[in-house]
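For reference, the structure discussed in these notes is given below.
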Amino acid sequence: MSAEVQDPAVEAVPSARRAKKPEGRFARPARFARTYGLSLLVVLLLLGIWEVISRTGKVKDYILPAPDQVLSELWNDWGLVYRSATWVTFQEMFIGFLIATAAGLGIAMLLHWSPVLRRAIYPLLIASQTIPIVVLAPILAIIMGYNIGPKLVVVALVCFFPIAINTLDGLRSVDEEYVRMMRTLHGTRWLTFRRIELPSAMPSFFSGMRVSAAFAPVGAVFGEFSGSNDGLGFVMLQAGPQLQTTRVFAAVLLLTVMSILLVLAVSFSERLIAPWAHQPRRNT
């Protein structure tokens, strides 16, 4: 009569798998709670303090409306005031952001490939950011008219700098060992850029895009302040002199939501295009 001996390692495999199932099922919510839980608590705390201050009556509604009044304003006047204005501002943000992305990536590639251009243009690129966009926006409106063109230029000017600088830094920080390896294998300049430099710079490129996505509403509102007949900036201009502070807060809330959605879209695109940027580093 033979006794069948079980390997302890084999017995441990099913139990380990069973133990990991609940962890895998709740891993994403737990990760979300660890990452954003404290931020959400701070936001809820600030909203609660805001609501209490507004309801005490010590601050007038036209100075600081309550959060529920802002949401009520959005709900009641969405179709009349905000739907068209939100769509116009979103178009300006999105198209201007795409222009800035293409321009920033192209400028970074040119400066990386040509040291002469880098020495000639890089200081001018830095100096261009000292010019206030608030000053340029009215000039662009006079030159290009009161259409969508000046707004797109303003958004692109606001957004392209972080993309260009971050991408250029990413291209210049590539490990030289990989570049020398490609030269040893007789790889061309373009092949080295496509296989080594550009993938390595993708995390920096998307970091610059996230920063620019947060600035895109600022550029759109600056452009609309300078001359427009629609958009959330135009809504704020009309509401301010009439002391419609609730409408101003509602427009700011919509701008914030659009900025967050644009940042999330950039992060989602990064996971699709450069998934290696999110792989955990292994300790060797």
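The values are calculated or read from the model by the stated rules, or taken from the named source; none is laboratory data. These numbers were taken from a predicted model, which means no experiment stands behind them. Note that we place each Cβ from the backbone using ideal geometry, even for glycine, and neighbour counts take in every protein chain shown. Surface areas here come from the heavy atoms of the whole protein model, side chains and all, with no ligands, DNA or RNA. Shrake-Rupley method; radii C 1.70, N 1.55, O 1.52, S 1.80 Å.
Computed values, structure above
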| read-out | value |
| --- | --- |
| Filter result for Leu191 (on the phi < 0 side of the Ramachandran plot, modelled with pLDDT under 90 and touching a Ser or Thr at 6+ places or on another chain (Cβ under 8 Å)) | no |
| Failed item in (1) small (Gly, Ala, Ser); (2) open to solvent by 60 Å² or more (accessible area, probe 1.4 Å); (3) in contact (Cβ under 8 Å) with a residue 60 or more places away in the chain, with Ala102 passing the rest | (3) |
| Leading residue by the ranking (nearest to the chain's Cα centre (by Cα)) among those in the stretch 184-218 that are open to solvent by less than 20 Å² (accessible area, probe 1.4 Å) and of a type in the set (S, T, N, Q) | Ser212 |
| Unique residue being open to solvent by 20 Å² or more (accessible area, probe 1.4 Å), modelled with pLDDT of 75 or more and either within 25 Å of Tyr146 (Cα to Cα) or in contact with a Pro (Cβ under 9 Å, 6 or more places away or on another chain) (or both) when the list is Val257, Val252, Val221, Val235 | Val252 |
| The stretch 123-137 - residue that is assigned to a helix (DSSP H, G or I) and touching a residue at least 12 places away in the same chain (Cβ under 8 Å) and, of those, nearest to the chain's Cα centre (by Cα) | Ile133 |
| Tally, over the stretch 199-227, of residues that are more than 20 Å from Ile139 (Cα to Cα) and hydrophobic (A, V, I, L, M, F, W, C) | 9 |
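Every residue, every condition in (1) assigned to a helix (DSSP H, G or I); (2) open to solvent by 70 Å² or more (accessible area, probe 1.4 Å); (3) closer than 17 Å to Ser207 by Cβ, yes or no:
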residue	(1), (2), (3)
Ile139	yes, yes, no
Lys151	yes, no, no
Phe160	yes, no, yes
Ile163	yes, no, yes
Leu168	yes, no, yes
Leu171	yes, no, yes
Glu177	yes, yes, no
Met182	yes, no, no
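Yes or no, residue by residue, for (1) more than 25 Å from Gln244 (Cα to Cα); (2) surrounded by 15 or more Cβ atoms within 10 Å (Cβ to Cβ); (3) among the β-branched types (Val, Ile, Thr); (4) within 23 Å of the chain's Cα centre (by Cα):
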site: Ile53; (1), (2), (3), (4): no, no, yes, no
site: Pro65; (1), (2), (3), (4): no, yes, no, no
site: Glu73; (1), (2), (3), (4): no, yes, no, no
site: Gly79; (1), (2), (3), (4): no, no, no, no
site: Thr86; (1), (2), (3), (4): no, yes, yes, yes
site: Thr89; (1), (2), (3), (4): no, yes, yes, yes
site: Phe94; (1), (2), (3), (4): yes, yes, no, yes
site: Phe97; (1), (2), (3), (4): yes, yes, no, yes
site: Ala108; (1), (2), (3), (4): yes, yes, no, yes
